[in-house]
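Structure record follows, encoded as C-alpha cells.
The values are calculated or read from the model by the stated rules, or taken from the named source; none is laboratory data. Predicted model only: the values in this text are computed from it and were never measured. With ideal geometry, Cβ positions are generated from the backbone for all residues, glycine too; neighbour counts draw on all protein chains shown. Only protein heavy atoms, including side chains, enter the accessible area calculation; ligands, DNA and RNA are left aside. Shrake-Rupley method; radii C 1.70, N 1.55, O 1.52, S 1.80 Å.
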Amino acid sequence: MDKYWVVERGDEHSRQLAMHFHELAEQYGMAKDEEDAEIVLSIGGDGTMLQAFHQFKDRLDRVAFVGIHTGRLGFFADWKPEDV
C-alpha cells in the first residue's frame, strides 16, 4: 500500500483539491501517513513545495514529491489542478 501525505497552501481552492485527492487516494488503496510517507503531494505554489521539502528534509532520499500548482508562481510544481 502506498503511503502519502498532503501539504497544502491553506486557501479554499487548495483545500478543496486536497479533499478531492484524499478521496481518490482512498479509492486507489493509498494510506495517509505523515510519519512514513512515500509520496508527498504539495498543493499550492513554490512556497508550499518548499514547505514540504522542509517538513520532510530528513527523508528526502525516500520521498517522492509531486507539486500541484494553485499559486501565482509554479516553478517547482509541474502539475495543474485538473491533472489530479
Practice problem: Can you grab the distance from the C-alpha centre of the stretch 1-43 to the C-alpha centre of the stretch 52-84, Å, no decimals? | Solution: 11
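Compute and list, largest first, the equivalent-ellipsoid semi-axes of the stretch 1-51 from the alpha carbon gyration tensor, each √(5λ) rounded to a whole angstrom.
Details: eigenvalues 71, 37, 8 Å².
The equivalent ellipsoid of the stretch 1-51 has semi-axes of 19, 14, 6 Å.
Grab the beta carbon distance between Leu60 and Ala31, set R0 = 22 Å, and tell me the FRET efficiency rounded to 0.05.
Working: r = 21 Å, r/R0 = 0.95.
E between Leu60 and Ala31, to the nearest 0.05, is 0.60.
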Exercise. Please give the FRET efficiency for Ile39 paired with Glu12, using the beta carbon to beta carbon distance and R0 = 30 Å, rounded to the nearest 0.05.
Key: 0.80
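Suppose only helical runs count, i.e. DSSP H with n ≥ 4. What mean residue ellipticity at 222 nm does that imply for the chain under -39500 (n - 2.57) per run, divided by all residues and rounded to the nearest 500 deg cm²/dmol? Write down the numbers at each step before the final one.
On the way: 2 runs with 26 residues, N = 84.
That calculation yields -10000 deg cm²/dmol at 222 nm.
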Quiz item: Just how large is the dipole of the chain about the Cα centre, in debye to the nearest 20, putting +1 at every Lys and Arg Cβ and -1 at every Asp and Glu Cβ?
Solution: 240
Quiz item: Under a plain spin-label model, where a point goes 7 Å from the Cα along Cα-to-Cβ, how far apart in nm are Asp83 and Leu24?
Solution: 1.1
Exercise. Run the accessible area of the chain with a 1.4 Å probe and give the carbon-and-sulfur part as a rounded percent.
Key: 52
Practice problem: In whole Å, largest first, what are the principal axis extents of the Cα atoms in the stretch 21-84? | Solution: 31, 29, 13
